[in-house]
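Everything below concerns the one structure shown next.
The values are calculated or read from the model by the stated rules, or taken from the named source; none is laboratory data. Since this is a predicted model, take the numbers as computed values, not measurements. Every residue, glycine as well, gets a Cβ built from its backbone with ideal geometry; the counts of neighbours run over all protein chains shown. The accessibility values were calculated without ligands, DNA or RNA, using every heavy atom of the protein model including side chains. Shrake-Rupley method; radii C 1.70, N 1.55, O 1.52, S 1.80 Å.
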Amino acid sequence: MQGFMKLIKIAVIFLIFFSGPVHAERREIFYSTASGQPSWKLENYMGNNVAIWNTSSSCSYGAIGFPDNMSSADKNRFYATMIAAKTSNVTMFIYYDEVPGICLLVSFGLL
């Protein structure tokens, strides 16, 4: 019986270390009105959900979503940063993680 329990513990430890989450790939894209690329579209949905469309991300329709743990203050800073980039012709960058089928914002800023 002890041998069996030891085998179960080893199997659980193996699973914990070698079966991590689906691999996410970190990517970066830039946005500038001066570049002539299509304008990014911010869309707000009910339930405090926000998405960015028309980016050059590899996700469907260039969509990048905001993570569930992103605060309202973070979302407001994103809006302000995007407006600043659009009105002052400054380049904005975003980092996002791409997990198969979905892209999620990680960070953003101005250059």
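Whole-Hz ³J(HN,Hα) for each residue in the range 80-96, computed from phi via Karplus 6.51 cos²θ - 1.76 cosθ + 1.60 with θ = phi - 60°, x for glycine and proline: what do you get?
5, 5, 5, 5, 4, 5, 5, 7, 10, 6, 9, 7, 9, 10, 9, 10, 9
With the other protein chains left in place, how much accessible area per residue, in square angstrom, belongs to the range 29-97 at a 1.4 angstrom probe?
Values: 3780 Å² over 69 residues.
That works out to 55 Å² per residue.
Work from the charge dipole of the range 35-111 (Cβ charges, +1 for Lys and Arg, -1 for Asp and Glu, about the Cα centre) and give the residue of 65, 107, 79 farthest towards its positive end.
79
For the pair residue 63/residue 84, report the inter-label distance in nm, with labels modelled 7 Å from Cα in the Cβ direction.
2.9
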